[in-house]
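Values quoted throughout were computed directly from the atomic coordinates according to the rules given, and no laboratory measurement underlies them. The model shown is predicted, which means the values in this text are computed figures rather than measured ones. Here the Cβ positions follow ideal geometry from the backbone for every residue, glycine too, while neighbour counts run over all protein chains shown.
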């Protein structure tokens, strides 16, 4: 289908969840703005993910929908906005239905089985062959839009960044770099054991002249408190934060070590050197995008199981050698020229 760029004035990107997936979808923005120069770009997501994109300069407006909100109701909201194009980066049965009912002229999505009916511009549907961020670019290939950028985006409010800087200055010796530890994880099996995190933290303090900060958001408090209790005064706990507060604190650390999670992808979008800890998920498609590193117990027979709950003893994290984590961290430090002093 031939597209006239000057005729496209309003574009809607759909990405309902999760936080990391929403952040990775921002790889589209620079390319869309360069091609459709006069277009305004809106997003449709679920309310909890709105903070991940609402501050971006290239996002005009963020619409929200409930997880179980009636598809026709959402489609009617889209109809009222009179979009010229909708890009469904999710392309699941529900969003396909919403797109089909929206009546938008150009409907872009992945050609997954049972959902092709919804789109008149269909992208290649193969998943797992490249990073999830770049999977979004297949939607641009389907429209013959040149790829001029592979940057993902996250924007922090100045007021949140100022609060984070104040927190850092009040709790740390500013002569030492602060390494952020993020035990978040959307699934139970994606979260590294807090006991293993404690081992990693002690190893970091024995190797580097640094300070440690464990950053927790909703659902991570128990693991963060366990790490804090184990290390005592050797580590600072941010305590429960909002997404904006967590992000600003991450931005004021020199390095981030995180489970495969939304905060891991946010850290990468902020340009922070980031090390991802992986177990049930595939690091080749979900590593912290950019000049970053990941680590996992590759030799484990059940690695990359994709199960929400481990049926064994969570060996992917319990048996992960701390030395392997530190070796990958050394690689991350060198490739990003991070200033950290060895003890």
Whole-Å semi-axes of region 42-82's equivalent ellipsoid (Cα gyration tensor): 19, 14, 4
How large is Rg over Rh for region 159-335, taking Rg from the Cα atoms and Rh as the Kirkwood inverse mean of 1/r across Cα pairs? 0.94
If R₀ is 56 angstrom, what is the calculated FRET efficiency for the pair residue 315 and residue 174, using the beta carbon separation as r and rounding to 0.05? 0.90
The residues 274, 26, sorted from fewest to most surrounding Cβ atoms within 10 Å, come out as 26, 274
First check a/c for region 1-107, with a ≥ b ≥ c the square roots of the eigenvalues of its C-alpha gyration tensor; if it is under 1.5, answer rounded, and if not, answer prolate when a/b is larger than b/c or oblate otherwise. oblate
For region 173-268, just say rounded, prolate or oblate: build the C-alpha gyration tensor, square-root its eigenvalues into a ≥ b ≥ c, call rounded for a/c under 1.5, and beyond that prolate if a/b exceeds b/c, oblate if not. oblate
Averaging sequence separations of C-alpha pairs under 8 Å and six or more residues apart, then dividing by the length of region 159-335, give the relative contact order as a whole percent. 24
Can you work out the PRE-style zone for residue 188? Point 7 Å along Cα to Cβ, and I want the residues of region 289-330 with backbone N under 13 Å. 307-314
In degrees from 0 to 90, rounded to the nearest 10, what is the angle of the helix 158-171 Cα long axis to the longest principal axis of the chain? 10
With contacts defined as alpha carbon pairs under 8 Å and 6 or more residues apart, what's the relative contact order of the chain in percent? 15
Could you tell me the relative contact order of region 5-141? Use alpha-carbon pairs under 8 Å, at least six residues apart, and round to a whole percent. 24
Run the helix sum for the chain: -39,500 (n - 2.57) per DSSP H stretch of 4+ residues, divided by residue count, reported at 222 nm to the nearest 500 deg cm²/dmol. -10000 deg cm²/dmol
Check: C-alpha center region 323-339 vs C-alpha center region 251-319, spacing in Å is 15
Here the percent of antiparallel bridges among DSSP beta bridges lying wholly in the chain, to the nearest 5, is 5
I'd like the distance between the alpha-carbon centres of region 73-112 and region 10-26, rounded to an integer number of Å. 13
Note on region 102-171: alpha-carbon gyration tensor, axes a ≥ b ≥ c; rule is a/c under 1.5 for rounded, else prolate if a/b larger than b/c, else oblate; result prolate
Out of 118, 224, 142, any idea which swings most in a Gaussian network model of the chain, alpha carbons joined below 10 Å? 142
To the nearest 10 degrees, the tilt of helix 71-81 (Cα long axis) against the first principal axis of the alpha carbons of the chain is 70
Taking Cα atoms, the helix 194-207 axis meets the longest principal axis of the chain at an angle in degrees (rounded to 10) of 60
